[in-house]
Amino acid sequence: MDEDEFREFMQEALDQLEQQGALLMTEMSRANWAAAQRLAHRLKGTMGSLGCENLHDVLQVLEAGFRETPPAAPTPVAWDALEAAQQSTLVALRAQLSAK
């Protein structure tokens, strides 16, 4: 992948995180664990591909909990970790995109 393709991939990942990250929080607040699991899975893959390890790891833990029977609702600590990881990743992606 050349630099322009990678930059495009980063922009798509940023757009995905902005949209689907917010939707994930909404579905979690509604206790819609099936939808939350799908969103966490998609975001986890994208963030892992970019090397955004912190957010990837938080999403991996959440996704595993959503797959349990019955699904495990995120703890307040997990909510905070997700919000912090999303925000720091958004800031980092925006900074990378504006620097080039």
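Of all the listed residues (85, 64, 34), the sole one being more than 28 Å from residue 99 (Cβ to Cβ), at pLDDT 95 or above, hydrophobic (A, V, I, L, M, F, W, C) and touching a helix residue (DSSP H, G or I) at 6+ places or on another chain (Cβ under 8 Å) is 34. Within the stretch 17-41, being in contact (Cβ under 8 Å) with a residue 24 or more places away in the chain and exposed (fewer than 15 other Cβ atoms within 10 Å of the Cβ) holds for 18, 31, 34. Out of all the residues in the stretch 50-94, which are in a loop (DSSP other than H, G, I, E, B), closer than 16 Å to residue 13 by Cα and in contact (Cβ under 8 Å) with a residue 40 or more places away in the chain? The one that is in a loop (DSSP other than H, G, I, E, B), closer than 16 Å to residue 13 by Cα and in contact (Cβ under 8 Å) with a residue 40 or more places away in the chain: 52.
Going residue by residue through the stretch 56-66, is there one that turns out to be among the small types (Gly, Ala, Ser) and on the phi < 0 side of the Ramachandran plot? Looking through the stretch 56-66, at least one residue is among the small types (Gly, Ala, Ser) and on the phi < 0 side of the Ramachandran plot. Step by step: first the residues of the stretch 15-49, then only those that are polar (S, T, N, Q) and either assigned to a helix (DSSP H, G or I) or within 11 Å of the chain's Cα centre (by Cα) (or both), then the one that is farthest from residue 82 (Cα to Cα). Which residue is that? My answer is 49.
The values are calculated or read from the model by the stated rules, or taken from the named source; none is laboratory data. These numbers come from a predicted model, not from an experiment. FYI the Cβ positions are ideal-geometry reconstructions off the backbone, even for glycines, and counts take in every protein chain you see.
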